[in-house]
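**Student:** Attaching a single structure in structure tokens format; questions to follow.
The values are calculated or read from the model by the stated rules, or taken from the named source; none is laboratory data. Only a predicted model underlies this, so the values are computations on that prediction, with no experimental measurement involved. Positions of Cβ are backbone-derived with ideal geometry, glycine not excepted, and every protein chain shown enters the neighbour counts. What goes into the accessible areas is simple: the full protein's heavy atoms, side chains included, and nothing from ligands, DNA or RNA. Shrake-Rupley method; radii C 1.70, N 1.55, O 1.52, S 1.80 Å.
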Amino acid sequence: MSAAPDVFGYLDYRAFLRDAYRDARGRRGWSFRALARRAGIRSSSFLKRVMDGERNLAMPTARRVAGALGLRGEAADFFVSLVRFNQAPTSRERGEAYARLHRFEAYRRARPLEAERDAYHAHWYYPAIRELSTSPRFRRDPEWIARALRPAIQPRDAGEALGVLERLGLLGGGGEQALVTSGRETGSVHLARFHRAMMERASEAIDAVPPDERDIASITVCVGPGDLARLKRRVQEMRAELLGEFGTAEDGEQVVQLNVQLFPLSRRLSEETG
């Protein structure tokens, strides 16, 4: 007999609902109607629609559903936090909800590498050290790494980064693609943290880096219908071309960061109604 689904092993509350329902389906009197009744929900089809992604759970309802599934204490609290994480409307709220999940010790035990993946995307110097490690001149020495980075960091931070990168298999250029695309549920959180960290470095570089060692510029342009999608494709093609040309150097000696941001500064005028 297989063990009942452990809510702390999930990052998608709908997946947990589906698995928990399948696990209990063989019990006498167990049905969507019975589960809805236990959770104080009038519609017998509501939870099926939630599992299928057609409806969301309000927080009070999530608490009642947790109880109907037999979740108590921290397990019930985690389920409610998981609902909040999955349904967060913005990346910032999603990041805050994700941080709350890490407060549960049982979740940290279920995902031992998650905190280290978080660290990689939250600190600008983790990917910088990973890239630095591809150079033949690289030294696995925290003191040397701390001095080599710009701006310099503390040797203690460099040592912690080395340990994380080694455990994730990222030193010497390995494994980054698997990390950056780590999980459908957390990918957006990780990438949002990574982009924010690198944009902060770009802002600081305006004052910290001489003009002849950087190129920070922008364009503001009014585009026509369909141009935004074409412009986005051109930017993606440019990134791929630059990575193909400069991303395979065997004698690299300096790590650089190229940020490209494309975002609207106005609404579509065709959407204006007044």
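**Student:** Jot down the per residue volume, in cubic angstrom and as a whole number, of the convex hull over the alpha-carbon atoms of region 185-233.
**Tutor:** 127
**Student:** What number, in percent, do you get for the relative contact order of the chain if the mean sequence gap of Cα pairs under 8 Å and at least 6 apart is divided by its residue count?
**Tutor:** 15
**Student:** In Å and from the alpha-carbon atoms only, list the Rg and Dmax of the chain.
**Tutor:** My reading of the Cα-based Rg and Dmax gives 23.7, 74 Å.
**Student:** Can you tell me the FRET efficiency between GLU200 and GLU143 if r is taken as the Cβ-Cβ distance and R0 is 25 Å, rounded to the nearest 0.05?
**Tutor:** The formula returns an efficiency of 0.50 here.
**Student:** Still on this structure, I have one more. In sequence order, what are the phi-derived ³J(HN,Hα) couplings for region 201-215 according to the Karplus relation 6.51 cos²θ - 1.76 cosθ + 1.60 with θ = phi - 60°, rounded to whole Hz, with x for glycine and proline?
**Tutor:** 5, 4, 5, 5, 5, 4, 9, 8, 10, x, x, 6, 10, 9, 9
**Student:** Further question: Specify the residue with the greatest mean-square fluctuation among ARG150, ARG233, ARG140, computed from a Gaussian network of the chain linking alpha-carbon atoms under 10 Å apart.
**Tutor:** ARG233
**Student:** Let me ask something else about it. For region 1-146, what log10 I(q)/I(0) values come out of the Debye formula at q = 0.16 1/Å, with one point per alpha carbon and no solvent?
**Tutor:** Cα-only, vacuum Debye calculation for region 1-146: -0.88.
**Student:** In Å², what does the accessible area per residue of the chain work out to with a 1.4 Å probe?
**Tutor:** Value for the chain: 64 Å² per residue.
**Student:** Where is the GNM fluctuation largest for the chain (alpha-carbon springs, 10 angstrom cutoff): THR134, THR61, THR220?
**Tutor:** Between THR134, THR61, THR220, it is THR220 that shows the largest mean-square fluctuation.
**Student:** Related question: Would you mind telling me the share, in percent, of accessible area of region 201-274 contributed by carbon and sulfur at probe 1.4 angstrom?
**Tutor:** C and S fraction of accessible area: 53 percent.
**Student:** What does the convex hull of the Cα atoms come to per residue for region 63-146, in Å³?
**Tutor:** Given the Cα convex hull of region 63-146, per-residue volume reads 120 Å³.
**Student:** ³J(HN,Hα) across region 247-264 via Karplus (A = 6.51, B = -1.76, C = 1.60, θ = phi - 60°), whole Hz, x for Gly/Pro?
**Tutor:** x, 10, 5, 8, 10, x, 9, 8, 9, 10, 10, 10, 9, 10, 10, 10, 8, x
**Student:** Turning to a different aspect of this structure: When the helix-only estimate is applied to the chain (DSSP H runs of n ≥ 4, each -39,500 (n - 2.57), divided by the residue count), what is the mean residue ellipticity at 222 nm, nearest 500 deg cm²/dmol?
**Tutor:** When only DSSP H runs of four or more count, the value is -16500 deg cm²/dmol.
**Student:** Would you give the gap between the C-alpha center of region 210-272 and the C-alpha center of region 24-61, rounded to a whole Å?
**Tutor:** If you average the Cα positions of each part, the centres end up 46 Å apart.
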